[in-house]
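The values are calculated or read from the model by the stated rules, or taken from the named source; none is laboratory data. Note that the structure is predicted; figures quoted are calculated from it, not measured. Methodologically, a virtual Cβ is constructed for each residue, glycine included, from the backbone with ideal geometry; neighbour enumeration extends over all protein chains shown.
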Amino acid sequence: MRRMLRQFFPRQTSMISGVLVMNTLIVACAMAALWIVVGEVRREEATRAADRKAIVVAEMLRPDLERAFAEKDLAGARLAIAKAAHAGALSGCRVSLGDGAVVADLDASAVTAKGIPDEFPPLTAEPDSHHSFAIDIPGKGRVLLAIEVAAATARSEWLEYGFGGTCLGAIVLLGVVSVRAQKRATPVTLVQSALSSVQAGEKELAALELADSFGGIAEAWNGMLRELATHRARARFDSVLTRRTEPGERDEVVGKMVDSLWHGVVAVDEEMRIRYCNGAAAVFLSGTRDGLIGTPLLDRISELQAKEKLAALAAAKGRGKIVVETRIGEGDGSAVLRISGKPVSGGGGAMLLIEDVTQQRVADRSRNAFVEQATHELRTPLTNVRLYVEALVEKPDADVSTRSQHLNIINQEVRRLERIVGDMLSVSEIEAGTLKLAIHDIRLPALFSDLEAEFAAPARSKNITLRFDLPPKLPTIVGDRDKLVLALTNVIGNAIKYTPEGGTVKVGVRADDALVVDVADSGIGIAADDADRIFDRFYRAKDPRVEKIVGTGLGLALAREVMRLHGGDVTVQSVPDRGSTFSIRMPLKAPLSMAA
């Protein structure tokens, strides 16, 4: 556990992360505080400017209002207010009497006084703001002038918002730079942590390897460790050879160390006779350790090219090295071995390191086949979608039936792409062990109705008779509807895909103590040798007719996995050239233990 923590969360990485986060927070707080201060200064300045403007406008209005009210010229008073509002960019201006009656206002609908009285009622209170002023009218009394200055200009607001946006952008940029710097520094700090572990006494090289996801530095570091491990193994073997005093004697401690290696270690003389081999090599060469001593190694190799390279190795007298791959054994028990060899310094034979790469080669073939099939599967619907879209673009005036036909085909191909991608994602979930069921009630009549509508067009295009035989009444079952549709779609789709034109596909459904769906076709059938393997991922039958039909080899594997998650299974009965019947069976209620 300590090694894992040291590998993925080294101390240096944590320190760098803490410093970067702290710097980002400090800069963010400083910029936020500066933004607030700038905003407050702007608002205070805007308030003072408004106060100054109100005083100036009031002084400008005072003589005009005194004259208009003295002469009872109500129109003149209102005109004076309008001029002042225009000159001072006011949002409001009002003259009212002591009893609250409005004599003049920029908004004519707000005026309540019908005229100017001979004497004004006294003001009940003095002006209580910077924008309210009491004006003395000789011989009449006092009136109250209230001024509303327009809000701050858009320019000042945009300056504040621009400054705030600049601060936010700087914070985001600093965060991005911090994350990228940490990401670039992580592999280096991991290597530094590994070297510190070596300095502290760590001897197990496998514990020092880094995850490949850390990029090129991690790959180079891991390659160096693996090469070092190989050199250590060879050094141990050389030690064994140098410490032998008689052909049947060896150091027990070193011998146990070599025997514990999972790679085969073999020493041969100039005639390619085996002088020493460990337990792994004996297994690879299909013999016993004592029984192989003194026998020709080349007798165990059947491929001519590998024999020639190995024969030249022992006589090379310390010059160069070789790496060959050869197959040992026959049939299902055969294995692919990689043999790395180097002559012993000074002549006298060579040392060989044998690795079993059978599973690696099988995985490579499966991966290449999957990529090839997936490419074909994805290319066909994409090509069809492109062609029909181009047809619609080039002929915008096409009749309704033609456009409808093109759109239906595009919809079918898009749904096909969706199924292919869904299958790939489901395989990833299966391999990661995260495929779970979302348990809900499933209405079977609606489900099979959707399936029948979906496969009607593909069946019609191949002149295949597709028939769904459903009982009068189907129960509501409990399970994952999407996963069940995925399984049924793959099985029914395969039946249509591998049935020649003019054939039949019948989907029979019954529900007693369990839901059973039988999909019978009159297709090419499945050979007995393939029937047991068609549910393996990426496997496709060896029938030449199957090779001409594109497919990823995932559909049946997914169908069986989904049914087993529901507590059921998928089985097949088939006769070559006479068709197949796939039976999907699941309980009416899926096990809750598999629910997400």
> Taking into account only those residues within region 465-476 that are aliphatic (A, V, I, L, M) and at pLDDT 90 or above, which is nearest to LEU588 (Cα to Cα)?
Replying inline: LEU470
> With respect to ARG415, is the statement that it is among the basic types (Lys, Arg), touching a helix residue (DSSP H, G or I) at 6+ places or on another chain (Cβ under 8 Å) and either closer than 30 Å to LEU387 by Cβ or modelled with pLDDT under 90 (or both) true?
Replying inline: yes
>> Quick check on region 453-480: of everything there that is within 38 Å of the chain's Cα centre (by Cα) and part of a strand (DSSP E or B), which residue is farthest from HIS566 (Cα to Cα)?
In response: THR476
>> Of all residues being under 26 Å from the mean Cα position of the chain (by Cα) and among the polar types (S, T, N, Q) in region 151-188, which is modelled with the lowest pLDDT? Just the residue, please.
In response: GLN182
> Looking only at region 455-511, which residues are within 18 Å of ARG545 (Cβ to Cβ) and among the basic types (Lys, Arg)?
Replying inline: LYS462, LYS497
> Within the set of pairs 6 or more residues apart or between chains, which connect a residue that is touching a residue at least 40 places away in the same chain (Cβ under 8 Å) inside region 391-408 to a residue that is aliphatic (A, V, I, L, M) with Cβ atoms less than 8 Å apart?
Replying inline: ASN408/ALA457
> What are the residues in region 276-303 that are farther than 15 Å from ILE339 by Cβ and crowded, with 20+ Cβ neighbours inside 10 Å, if any?
Replying inline: TYR276
>> Out of everything in region 451-480 that is free of Cβ contacts under 8 Å to residues at least 12 places away in the same chain and not hydrophobic (A, V, I, L, M, F, W, C), what residue ends up being farthest from ASP518 (Cα to Cα)?
In response: SER461
> Can you tell which of ALA495, ALA520, ALA487 is outside any loop (DSSP other than H, G, I, E, B), in contact with a Gly (Cβ under 8 Å, 6 or more places away or on another chain) and crowded, with 22+ Cβ neighbours inside 10 Å?
Replying inline: ALA495
> Quick one: THR230 ticks every box in (1) of a type in the set (S, T, N, Q); (2) modelled with pLDDT of 75 or more; (3) touching a strand residue (DSSP E or B) at 6+ places or on another chain (Cβ under 9 Å) bar one, so which box is it?
Replying inline: (2)
> For region 393-419, how many residues are of a type in the set (Lys, Arg) and surrounded by 14 or more Cβ atoms within 10 Å (Cβ to Cβ)?
Replying inline: 3
> Considering only region 281-310, how many residues are within 20 Å of GLY349 (Cα to Cα) and within 46 Å of the chain's Cα centre (by Cα)?
Replying inline: 5
>> Among (1) touching a residue at least 12 places away in the same chain (Cβ under 8 Å); (2) of a type in the set (A, V, I, L, M); (3) assigned to a helix (DSSP H, G or I), there is one condition LEU79 misses while meeting the rest; what is its number?
In response: (1)
> Among the residues of region 489-535, which ones are farther than 23 Å from ASP577 by Cα and touching a strand residue (DSSP E or B) at 6+ places or on another chain (Cβ under 7 Å)?
Replying inline: VAL509, ARG510, ALA514, LEU515, VAL516
